[in-house]
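Enquirer: I have a structure I would like to understand better, so I am pasting it below and will then ask my questions one at a time.
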Amino acid sequence: MMPVHLGRYGIDYHRRAIHIQQTPDAHCRDCHGAGGWWEPSPTGPDPVTCHCTDRLRHIRIPLWRQPRRHRYEETPF
């Protein structure tokens with residue numbers, strides 16, 4: 001299933017949990033929603049993270065496990 005985006009939050013469903021992730025601010029003046037940028041250095045480009053990613057959160061909501069059905073178990077009807 002594809003993740004659903006609501007504002008700054010991405011909601012993704014997996015078999016055993018629902019994951020809610022906060023993304024970088026799209027209105028940030030420094031990174032413009034990219035979350036960071038690359039700065040040149042003598043050894044190669046270095047990644048720099050933006051201040052809007054300091055408080056990003058990830059919430060995992062576990063789902064109940066589904067009971068295992070045995071192959072030889074009869075259905076009630």
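Enquirer: Write out, first by first residue and then by second, each pair whose Cβ atoms fall under 6 Å of each other, whose residues are 6+ apart or on separate chains, and whose first residue, in segment 14-33, is closer than 13 Å to V4 by Cβ while the second is open to solvent by less than 90 Å² (accessible area, probe 1.4 Å) and in a loop (DSSP other than H, G, I, E, B).
Expert: Short answer, once both residue conditions are applied: T23/R8.
Enquirer: Take segment 30-41 and flag every residue that is surrounded by 10 or more Cβ atoms within 10 Å (Cβ to Cβ) and of a type in the set (G, A, S). Before you say what the answer is, go through the steps one by one.
Expert: Applying the first criterion (surrounded by 10 or more Cβ atoms within 10 Å (Cβ to Cβ)) to segment 30-41 yields 30-38.
Within segment 30-41, G33, A34, G35, G36 qualify.
Yes/no matrix, rows are residues, columns are (1) of a type outside the set (K, R); (2) open to solvent by 90 Å² or more (accessible area, probe 1.4 Å); (3) modelled with pLDDT of 90 or more:
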position: T43; (1), (2), (3): yes, yes, no
position: C50; (1), (2), (3): yes, no, no
position: D54; (1), (2), (3): yes, yes, no
position: I59; (1), (2), (3): yes, no, no
position: L63; (1), (2), (3): yes, no, no
position: Q66; (1), (2), (3): yes, yes, no
position: R69; (1), (2), (3): no, yes, no
position: E74; (1), (2), (3): yes, yes, no
position: F77; (1), (2), (3): yes, yes, no
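Enquirer: Could I ask something else about it? Going through segment 16-29 one residue at a time, which ones are exposed (fewer than 13 other Cβ atoms within 10 Å of the Cβ) and more than 23 Å from L63 (Cα to Cα)?
Expert: A26, H27, R29
Enquirer: Let me ask another. Within segment 1-15, track down each residue that is basic (K, R) and surrounded by 12 or more Cβ atoms within 10 Å (Cβ to Cβ).
Expert: Matches in segment 1-15: R8 only.
Enquirer: If you go through segment 1-52 one residue at a time, how many are in a loop (DSSP other than H, G, I, E, B) and of a type in the set (D, E)?
Expert: 2
The values are calculated or read from the model by the stated rules, or taken from the named source; none is laboratory data. Just so it is clear, the model here is predicted, and its values are computed rather than measured. Glycine gets a Cβ as well: all are built from the backbone with ideal geometry, and neighbour counts include every protein chain shown. Areas reflect the complete protein model, heavy atoms only, side chains present, ligands, DNA and RNA absent. Shrake-Rupley method; radii C 1.70, N 1.55, O 1.52, S 1.80 Å.
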